[in-house]
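Here, each number is a calculation from the coordinates, and none is a lab measurement. Bear in mind that the values here come from a model prediction, so they are computed numbers and not experimental data. Methodologically, a virtual Cβ is constructed for each residue, glycine included, from the backbone with ideal geometry; neighbour enumeration extends over all protein chains shown.
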Amino acid sequence: MWTIGLILLAVLASTPPDAGHAQGHAPAEAAAPVAALEPLRDAGVPTTDRLKALTRPGTSVGAATWQAIEACDRCGAANDLAAILGSRPAAEIEPLVPALLAALKDESRAVIRAAAARALVALPTDRRPAEVKDLRETALTLQCLRGRMAWEPKELQVLPGTLVRLRMENGDSMVHNLLLTAPGSLSEIGVAADKLGEGLEGKRRQYVPDSTKVMAVMGLVDPGRVGELWFFTPSKPGTYVLVCTYPGHWRMMNAKLKVK
């Protein structure tokens, strides 16, 4: 018996520590580290951090912001970058006018086109190029009703091809975002947003589904704050969807944008 015991001890001592894993007892995998947010591409980055990333020797913040917008297009930072560009001094925007005018004519890149218009409108009227002297935005407002998971009004109306400045006043006690989506897409986008709520990636993306039916995005707006989203309404008339895609909100927090 002692001999058998010694043999067993010798076998156990010589067994590699991971040998049991070959029998189906795999080690628990370490959780993948969450990557840091990229200030020129991702949503949810404080404006101060974006400005730090846009401050480069020999380049104005305005020029660096426009470069980031052109590279970003439909990325999570697009609306925030457009807001930064629109807030820059006229001296930084004026050298960009030729590029902005070219982008304004390109209807295939709607997000960049709206960012260009936003910057051009920000110029003093007497310093705007002749092509956009008469360019004006149509101001629309949605108010978050406190504790009711709803916007007021429930329906907005605007002409096709209009430059819209949409404000969302968050008087609620919860965060909300706002997406402009294609007609008839409410359920599809809402269900996709709920699925995003099941993991960390959804939070990183501020619960914005990756869908071609998402036309414009205002990121999460904290309680008591105001968010803005600039976009051109489609040239095709129809009833477009405005929706908050924070998980669970979409069924009640939606409104119609009638383009006709």
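With both bridge residues required to lie in segment 138-259, what share of the DSSP beta bridges run antiparallel, to the nearest 5%? Walk me through the numbers before you get to the answer.
Details: 24 of 35 bridges.
Just about 70 percent of them are antiparallel.
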Next item on the list: Identify which of the listed values of Rg/Rh (Cα atoms, Kirkwood Rh) was calculated from the structure shown: (i) 0.95; (ii) 0.99; (iii) 1.21.
Entry: (iii)
Next item on the list: Choose one of Cys75, Pro95, Val121: the residue whose Cα lies farthest towards the positive end of the charge dipole of segment 47-132 (beta-carbon charges +1 Lys, Arg; -1 Asp, Glu; about the Cα centre).
Entry: Cys75
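Apply the a/c threshold of 1.5 to the C-alpha gyration tensor of segment 138-259 and tell me whether it is rounded, prolate or oblate. Write out the running numbers ahead of the final one.
Values: a/c = 1.72, a/b = 1.23, b/c = 1.40.
Oblate is the answer for segment 138-259, as a/c is 1.5 or above yet b/c matches or exceeds a/b.
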Next item on the list: Excluding Val221 itself, calculate the net charge of residues whose Cβ lies under 12 Å from the Cβ of Val221, where each Lys or Arg counts +1 and each Asp or Glu counts -1.
Entry: -3
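Got the relative contact order for segment 172-246 handy, in percent, Cα pairs under 8 Å and 6 or more residues apart?
On the way: 115 pairs, mean separation 41.3, N = 75.
So the answer I get is 55 percent.
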Next item on the list: Quickly estimate the mean residue ellipticity at 222 nm for the chain, helices only: each DSSP H run with n ≥ 4 gives -39500 (n - 2.57), and the total goes over all residues, rounded to 500.
Entry: -9000 deg cm²/dmol
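Plugging the Kirkwood radius over Cα pairs into Stokes-Einstein for segment 166-228, at a temperature of 20 °C and a viscosity of 1.002 mPa s, what D comes out in µm²/s?
On the way: Rh = 12.3 Å.
Approximately 174 µm²/s, per Stokes-Einstein.
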Note to self: Taking 8 Å as the Cα distance limit and 6 or more residues as the minimum spacing, I'd like the relative contact order of the chain as a percentage.
What the structure shows: 18 percent
Notebook entry, point to check: Once a ≥ b ≥ c are taken as the square roots of the eigenvalues of the Cα gyration tensor of segment 47-132, is the result rounded (a/c under 1.5), prolate (a/b larger than b/c) or oblate (a/b not larger than b/c)?
Noted result: oblate
Next item on the list: Give the cross-link partners of Lys203 among the lysines, using a straight C-alpha distance below 21 Å as the criterion and excluding same-chain residues fewer than 8 apart.
Entry: Lys195, Lys213
Next item on the list: Take the alpha-carbon centre of segment 170-228, take the same for segment 67-91, and report the distance between them in whole Å.
Entry: 20 Å
Check: In segment 42-123, what trypsin sites (Lys or Arg not before Pro) fall in a loop by DSSP, with at most 12 other Cβ atoms inside 10 Å?
Finding: Lys105
Item checked: Unpartnered cysteines - no second Cys beta carbon under 4.7 Å - across the chain -> Cys144, Cys244
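Out of the GluC sites (Glu not before Pro) in segment 197-233, which ones are loop residues according to DSSP with at most 10 other C-beta atoms within 10 Å? Mind dumping the intermediate values first?
Details: sites: Glu198, Glu201, Glu228; in loops: Glu198.
The qualifying sites are Glu198.
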